[in-house]
1. What does a probe at E28 reach in the range 157-185, counting residues whose amide N is under 12 Å from the point 7 Å along Cα→Cβ?
2. Once Lys and Arg get +1 and Asp and Glu get -1 on their Cβ, which of G352, C59, L405 lies farthest toward the positive end of the dipole of the chain?
3. Where both residues lie in the chain, what percent of DSSP beta bridges are antiparallel, nearest 5?
4. To the nearest 500 deg cm²/dmol, what mean residue ellipticity at 222 nm is calculated for the chain from DSSP H runs of n ≥ 4 alone, each contributing -39,500 (n - 2.57), summed and divided by the residues?
5. Among all stretches of the chain without exposed GluC sites (Glu not before Pro) (DSSP loop, at most 12 other Cβ atoms within 10 Å), which one is longest?
6. Determine which residues of the range 101-140 fall in the zone a paramagnetic label at R320 would reach in this model, i.e. backbone nitrogen under 16 Å from the point 7 Å along Cα→Cβ.
7. Quick one: Karplus J couplings for the range 490-503, per residue in order, coefficients 6.51, -1.76, 1.60, θ = phi - 60°, nearest Hz, x for Gly and Pro?
8. Give the lysines whose C-alpha is closer than 19 Å to that of K231, dropping any in the same chain fewer than 8 places away, or say none.
Amino acid sequence: MTTTAHDSVELVDFDAVLAAYDPALGLEVHVELNTATKMFCGCPATFGGEPNSHVCPTCLGLPGAMPVVNGKAVESAIRIGLALNCEIAEWCRFARKNYFYPDMPKNFQTSQYDEPICFDGWMDVDVDGETFRVEIERAHMEEDTGKSTHVGGATGRIHGADHSLVDYNRAGIPLIEIVTRPILGAGEKAPAVARAYVAQLRDLIVALGVSEARMDQGNLRADVNLSLAPKGSGTLGTRTETKNVNSFRSVERAVRYEMQRHAAVLDAGRSILQETRHWHEDTGITTSGREKSDAEDYRYFPEPDLVPVAPSREWVEELRATLPENPTEKRARLQSEWGFSDLEMRDTVGAGALGLVEETIALGAAPQAARKWWLGELARRANDAGQELTALGVTPADVAAVQGLVDDGTLNDKLARQVFDGLFAGEGTPAEIVAARGLAIVSDDGALSAAVDEAIAANPDVADKIRDGKHAAAGALIGAVMKSMRGQADAGKVRELILAKLS
Ligand SMILES: [Zn+2]
């Protein structure tokens, strides 16, 4: 355990950090694959289930149990590697990474060490119209651990807990760990580059169909490495690794926070401890975890119970042919199809909404309408809730259905927002919510006409102005009618009716 003395530093202003230091980023992303079974046994790899119901002698590490490699997981690993422009090893092995963790029953994790299946790749990341090439050092296969629940404490952490429960359902689920080389030269954009990399990587994983890639469910977990070096020195400083940062927004915030914290420690003449740190979503800070072991402490050695993996070149080429469209080319194609400006496209990508907007459009919504809902109303609600758009519980199908009701004149935008209220409250489909809440625009011309007459009678001065040709004054009457109709009228139609009655 390490000292927590660094946890209470006075952060350095972000601009001051940049004036004195060059940041170096590194990202390690774990992707939980969506294979039917676990990495080395036939247990179901599905999320959840009764604790310890998806287990067998192999994933419980019982003596004598023999693992077998999941072929589908190897296929997914190769496809991820190819999509990241990696070389694919002709021959590689698994290795045992030895350490004790209560939720890891074998006391070693079956991983890959010096022979990763994918290596030397890259991905181009767009940030505000600028492209950063992120080099991928490796993407290797490994297995997930189980899950501990600490009971009785206030924080859910082990400190202060009465006892702990262990669920091994997740132990042995296939993971791909994707590791970048140090990302240098991002400067002030380092936090945004980190976020954009994870967001684009997620889009890629989703397009490949190899994982649900939901950060809120832990299918995709990012560890953020950061170090600072004196500006212009061309060296690398000591890095910290912030673990399991579980949203795009948090990735950006964690990088920014660590830059400011590192600078404070360095400015005070102290040195950065090489350690893992925990990200706290609520307070937006990191705290000290454990001192980071060097690789030799894990006593890696080749796994004797598994045969090497030797994917044939023919198979690799077959898999290459299954890759989805290159994300950069795809973005350019979609932008031109949708008629989005550069700024609209950047905002859409930056909000992590590209896939959502694409799906909504595919379900029939006009491009600008799809963009408007996801980047306006829904982004605002996600931001208020501190959530990702994908975690809101509103689907592209919901948004397309709401917009369909706007298009056919059932709803106006104001009523549509009330339908979203209903969706968040779990009141059913958009059509059900419109019916249950009585939200539809009143199409009964008699009722509308009566409301207009009432508004005219109540505002004789305004009515006179309109009769004198001052049509701009109609706004006050439209407002009165909309109010009496509880917003459930088509404002354009109300205006027409007022002008017709007063001309
Ligand atoms: Zn099993």
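1. Under 12 Å, as judged by backbone N against the label point of E28, lie 177-180 of the range 157-185.
2. About the Cα centre, the residue reaching furthest to the positive side is L405.
3. Numbers: 57 of 60 bridges.
That works out to approximately 95 percent antiparallel.
4. -11000 deg cm²/dmol
5. Counting only loop sites that pass the neighbour cut-off, the longest clear stretch is 91-324.
6. 118-122
7. 8, 4, x, 5, 4, 4, 4, 5, 4, 5, 5, 6, 9, 9
8. Leaving aside lysines fewer than 8 places away in the same chain, those within reach of K231 are K189.
A short reminder: the numbers here are calculations on the coordinates, not readings from a lab. Note that the structure is a prediction, hence the values are computed from the model and not measured. Here the Cβ is made from the backbone with ideal geometry for all residues, glycine too, and neighbour counts use every protein chain on show.
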